[in-house]
Amino acid sequence: MNLNDYQTEFNKLIAQQSFSSDSHPQRNNTFSKFLDSGIPTKKWEAWRHTDLSFLNKNNFRVSRPDDSQIDSIDISNYKIANTYTIIIINGYFIEGSSVLPKELKVSTYTDKNNWNPKNKKENPFELLNASLSDSNIAIVIEPNASIEKPIHILFLCTGKDNLMINPQITMDISRSSSATIIEQYVSDTSSFFQNTSVFASIEKNASLNHIRIHSNSDETANISGLHVTQSDDSNYNYFQLVDGGALQRSDIYTDLEGKNATCSLSGLTLLDKKQHSATYITSDHIMPQCESSQNFKSVLNGHSSGVFNGRTIVREDSQKTNSKQSNKNLLLSDQAIMNSNPQLEIYADDVKCAHGSTTGALDNEALFYMQSRGINRKDSISLLIRGFVSELINDIKSEDLKNHLFTRFDRWLLNNNQ
Amino acid sequence: MLEIKNLHVEVEGKQILNGIDLDVKSGEMHAIMGLNGSGKSTLSNAITGRENYNVTKGDIVYKNDSIIEMEPDQRALAGIFMSFQYPTVIPGVNNTYFLRAAVNAKRKYNGQKEYDAASFLKLVKSKLKEVDMDSKYLKRAVNEGFSGGEKKRNEMLQLLCLEPELAIMDETDSGLDIDALKIISRGINNYKDKNRSFLVITHYQRLLKYIEPDVVHVLIDGKIIKSGGKELALELEEKGYGWLEQ
Ligand SMILES: Nc1ncnc2c1ncn2[C@@H]1O[C@H](COP(=O)(O)OP(=O)(O)O)[C@@H](O)[C@H]1O
Ligand SMILES: [Mg+2]
């Protein structure tokens, strides 16, 4: 898509009157900012390693309300046991999701007056999301509530090709409350473009487990921005699985705005063929005594390529910061490429920071050791890759979710170790 | 059981073994002694089929078949086991899970029923006692955070579970304290029987206080230059290797 194509889609959306006209000036304003900035190219520092050619080569159209009217939808494949499920199909909320507990407020809207784009970082795709956002969800957890069952938001693209979906999610985790939220992106259509923005605010002493699963079909582009702000004593755990899509890019910003907060980010990327996935993180230690960690792993096969760009900033006043970054990558083919770049920017003196990155092929010593015990080469390779990823998945607290993730991993492995 | 004939082995273009002959019969225990760098581990690796250990001449025959074209796992299934001089750490792979996978691979090969997790745990726990190993090591990743001695006990544990017919012990005694040395030798002595053979590699004579090899070979520069009874080990202890090199 080029800028003209985006303009055409924007015009369509406005004409479609999906939104109240109140929001039009703001959308117009945001969209013209997007046009001014343009689509990132490899000349942009933050996009140097991200290959957007898939997106630029293909055309997508904004979805209409009738795109969600699909005759038969079988979501059983995507269900995760023991969760509250919210279903968004082709960009539109579907009634009949779970009955939710009263401490949990979920509103979904495509128009209304509460349209409130937050574009702190002004990344072009976030501007695009703010001007086009159609499937929006606001989750509010009341103070002192602890919601045990995970809240599962299922974004499904089905039945229609070449849609462009722009979900926007806000998560407000109020004081001393806790919850688990799963965003899952899946599809059975061959092609679409999903551009998501998520804003999470974790208030004093609150805790959020956030899991994002990008399991889209091969011919899809998935761009997502995530902005997290944390208050005093809050706790944020993030895990992402990327095992689908032609193009995937995540921009994650976590702002530790309160003291004594902890933020742990982790992720597993499984790629093959010509898939491309890039994860950009900025963990900003604005206040003292916070802990942050980044623990990301990728397994790359075929001609796939990946980027890990983890940046941790420790500001002048952020004494007693404790921060760790780790990025480990396993290359299963000679043609696969990984670009790993953990960075620390430290302006305070009393801090503990560590970072490390390794990228390599399967350990031949370990393979020989296993084979010398009678395990054939193929099974040895499976054991090694499983060992590589299991540390991350085992850290997930919910057993049902863990099983779901291992099932996805096993499926990937089956296709990639033949 | 094992017949090695005029074996020449090259590693990364470097000739390391220069014509080794060895005949280990069922129930026999042979010791191979030699200084560091003489080719002992190269011989073990060639027998177990490690990548890049190329046989350029000669043959390795196990139970009457040449094995030099066989994959390492096929050799293991046929009954060959090596206790590694430097056991490999495998992060993320649970020790018990790994051991069960190995034992089940062998049982499958032999047409036996595979163990489930519970029945296997029973088996392992009984073997643990024989090597005097704490059960906490079962919960760890393979060899991860194990001391040198613990790694060697773990090798011995694998041997006891896999029940090989030919066991190659590559410097299993090196770096062990006296208690661990006694445990490992007791393990070897209990395991040995008329259908099982051992190739025990060492460069110290001290292990031979606890085990009784039928034959002792001296390896220098990739060749066996002398073979004899246990008294040869004592002679080496007294005189060193120098007198043999002439
Ligand atoms: N992988 C390898 N690559 C190159 N040279 C090797 C390799 N392994 C062993 N060697 C060389 O082969 C010789 C014999 O080594 P090794 O068999 O390990 O001796 P030992 O076990 O008797 O101490 C040494 O000179 C060593 O440097
Ligand atoms: Mg050696």
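The values are calculated or read from the model by the stated rules, or taken from the named source; none is laboratory data. All figures in this text were calculated on a predicted structure; none of them were measured in a lab. Here Cβ is always computed from backbone atoms with ideal geometry, including for glycine, and neighbour counts include all displayed protein chains.
Of all the criteria given as (1) over 13 Å from the mean Cα position of the chain (by Cα); (2) surrounded by fewer than 19 Cβ atoms within 10 Å (Cβ to Cβ); (3) more than 7 Å from every other protein chain (Cβ to nearest Cβ), the one not satisfied by B:T88 is (3). When only residues in segment B:6-54 that are more than 16 Å from ligand 2 (Cβ to nearest atom) and of a type in the set (A, V, I, L, M) count, which is surrounded by the most Cβ atoms within 10 Å (Cβ to Cβ)? Within segment B:6-54, the match that is surrounded by the most Cβ atoms within 10 Å (Cβ to Cβ) is B:L7.
When segment B:29-50 is filtered for residues that are within 14 Å of chain A (Cβ to nearest Cβ), assigned to a loop (DSSP other than H, G, I, E, B) and within 10 Å of ligand 1 (Cβ to nearest atom), only B:R50 remains.
How many of the residues making up segment A:316-337 are part of a loop (DSSP other than H, G, I, E, B) and buried (at least 18 other Cβ atoms within 10 Å of the Cβ)?
Within segment A:316-337, the first condition is being part of a loop (DSSP other than H, G, I, E, B), and the residues that meet it are A:316-321, A:332-336.
Going one step further and asking which of them are buried (at least 18 other Cβ atoms within 10 Å of the Cβ), we end up with A:318, A:321, A:332, A:336.
Number satisfying all stated conditions: 4.
Of the numbered criteria (1) more than 28 Å from B:V9 (Cβ to Cβ); (2) among the aliphatic types (A, V, I, L, M); (3) within 16 Å of ligand 1 (Cβ to nearest atom), the one B:L219 fails is (1). Taking segment B:139-150 as the range and being modelled with pLDDT of 95 or more and either assigned to a helix (DSSP H, G or I) or of a type in the set (G, A, S) (or both) as the test, only B:A141 passes. One residue stands out among those in segment B:61-74 that are more than 8 Å from chain A (Cβ to nearest Cβ) and not in a loop (DSSP other than H, G, I, E, B): the one that is nearest to ligand 2 (Cβ to nearest atom), which is B:Y62. Considering each residue of segment B:161-173 in turn, at least one proves to be hydroxyl-bearing (S, T, Y), farther than 17 Å from A:D379 by Cα and within 16 Å of ligand 1 (Cβ to nearest atom).
For segment A:372-391, name all the residues that are among the small types (G, A, S) and facing chain B (nearest Cβ under 7 Å). Working first, answer last.
Quick first cut of segment A:372-391, residues among the small types (G, A, S) only: A:372, A:374, A:380, A:382, A:387, A:390.
Across segment A:372-391, the qualifying residues are A:S372, A:G374, A:G387, A:S390.
Taking B:K151 as meeting all but one of (1) surrounded by 20 or more Cβ atoms within 10 Å (Cβ to Cβ); (2) away from ligand 2 (no atom under 16 Å from the Cβ), write down the number of the exception. B:K151 satisfies every listed condition except (2).
Can you tell me which of A:S234, A:S187 is of a type in the set (S, T, Y), buried (at least 20 other Cβ atoms within 10 Å of the Cβ) and closer than 27 Å to A:E9 by Cα? It would help to see each step written out before you state the result.
Working: A:S234 fails: closer than 27 Å to A:E9 by Cα.
Being of a type in the set (S, T, Y), buried (at least 20 other Cβ atoms within 10 Å of the Cβ) and closer than 27 Å to A:E9 by Cα holds for just one of A:S234, A:S187, which is A:S187.
Here A:G374 meets the list (1) assigned to a helix (DSSP H, G or I); (2) modelled with pLDDT of 95 or more almost entirely, failing just condition (1). A count restricted to segment B:166-197 and to residues that are in contact with a Gly (Cβ under 6 Å, 6 or more places away or on another chain), buried (at least 17 other Cβ atoms within 10 Å of the Cβ) and either assigned to a loop (DSSP other than H, G, I, E, B) or among the β-branched types (V, I, T) (or both) stands at 1. Inclusion of B:F81 among residues that are within 14 Å of chain A (Cβ to nearest Cβ), in a strand (DSSP E or B), at pLDDT 95 or above and more than 16 Å from ligand 2 (Cβ to nearest atom) is warranted. Out of all the residues in segment B:135-153, is one or more more than 14 Å from chain A (Cβ to nearest Cβ), touching a residue at least 40 places away in the same chain (Cβ under 8 Å) and more than 16 Å from ligand 1 (Cβ to nearest atom)? Yes, segment B:135-153 contains a residue that is more than 14 Å from chain A (Cβ to nearest Cβ), touching a residue at least 40 places away in the same chain (Cβ under 8 Å) and more than 16 Å from ligand 1 (Cβ to nearest atom).
Scanning segment A:22-74 for residues being in contact with a helix residue (DSSP H, G or I) (Cβ under 9 Å, 6 or more places away or on another chain) and under 22 Å from A:S135 (Cβ atoms) gives a total of 14. State yes or no: is B:G58 away from chain A (no Cβ under 13 Å) and part of a loop (DSSP other than H, G, I, E, B)? Judged against the criteria, B:G58 is not a match. Determine, yes or no, whether B:I211 is away from every other protein chain (no Cβ under 14 Å), more than 16 Å from ligand 1 (Cβ to nearest atom), part of a helix (DSSP H, G or I) and aliphatic (A, V, I, L, M). In short, no. State whether one or more residues within segment B:10-28 are near ligand 1 (Cβ under 9 Å from one of its atoms) and assigned to a helix (DSSP H, G or I). Within segment B:10-28, not a single residue is near ligand 1 (Cβ under 9 Å from one of its atoms) and assigned to a helix (DSSP H, G or I).
Looking at segment A:292-308, which of its residues are of a type in the set (S, T, N, Q) and either crowded, with 24+ Cβ neighbours inside 10 Å or under 12 Å from A:G356 (Cα atoms) (or both)? Working first, answer last.
So the first thing to find is which residues in segment A:292-308 are of a type in the set (S, T, N, Q), and the list is A:292-295, A:298, A:301, A:304-305.
Within segment A:292-308, A:S292, A:S293, A:Q294, A:N295, A:S298, A:S304 qualify.
Cβ-Cβ distances below 7 Å connect the following pairs, each with a first residue in segment B:227-240 that is in a helix (DSSP H, G or I), a second residue that is among the charged types (D, E, K, R) and at pLDDT 85 or above, and a separation of six or more residues or different chains: B:K230/B:E212; B:L232/B:K226. Considering segment A:392-407, and only residues there that are more than 19 Å from the chain's Cα centre (by Cα) and among the acidic types (D, E), the residue that is farthest from the other protein chains (Cβ to nearest Cβ) turns out to be A:D400. Residues that are part of a strand (DSSP E or B), more than 14 Å from chain B (Cβ to nearest Cβ) and not small (G, A, S) within segment A:338-371 comprise A:M338, A:N339, A:N341, A:P342, A:Q343, A:L344, A:E345, A:I346, A:K352, A:C353, A:H355, A:T359, listed in sequence order. Only one of A:L265, A:L208, A:L241 is within 9 Å of the chain's Cα centre (by Cα) and hydrophobic (A, V, I, L, M, F, W, C); which? Of the residues listed, the single one that is within 9 Å of the chain's Cα centre (by Cα) and hydrophobic (A, V, I, L, M, F, W, C) is A:L241. Checked against (1) buried (at least 16 other Cβ atoms within 10 Å of the Cβ); (2) at pLDDT 95 or above; (3) closer than 21 Å to B:L199 by Cα, B:E163 meets all criteria but (1).
For segment B:104-127, enumerate the residues that are facing chain A (nearest Cβ under 8 Å) and under 20 Å from the mean Cα position of the chain (by Cα). Show your work before the answer.
Within segment B:104-127, the subset facing chain A (nearest Cβ under 8 Å) is B:105-106, B:109.
Passing the criteria: B:A105, B:K106.
The residues of segment A:14-33 that are over 25 Å from the mean Cα position of the chain (by Cα) and assigned to a helix (DSSP H, G or I), listed by number, are A:I14, A:A15, A:S21, A:D22, A:S23, A:H24, A:P25, A:Q26, A:N28, A:N29, A:S32. As a summary of the residue check, B:Y97 satisfies the conditions (1) out of contact with any helix residue (DSSP H, G or I) (no Cβ under 7 Å at 6 or more places or on another chain); (2) within 16 Å of ligand 2 (Cβ to nearest atom); (3) within 14 Å of chain A (Cβ to nearest Cβ) except for the one numbered (2).
Consider segment B:199-216. How many of its residues are surrounded by fewer than 22 Cβ atoms within 10 Å (Cβ to Cβ) and farther than 23 Å from B:I16 by Cβ?
Taking segment B:199-216 first, the residues surrounded by fewer than 22 Cβ atoms within 10 Å (Cβ to Cβ) are B:203-206, B:209-212, B:214-215.
Those still in the list that are farther than 23 Å from B:I16 by Cβ too: B:205-206, B:209-212, B:214.
Residues that pass the stated criteria total 7.
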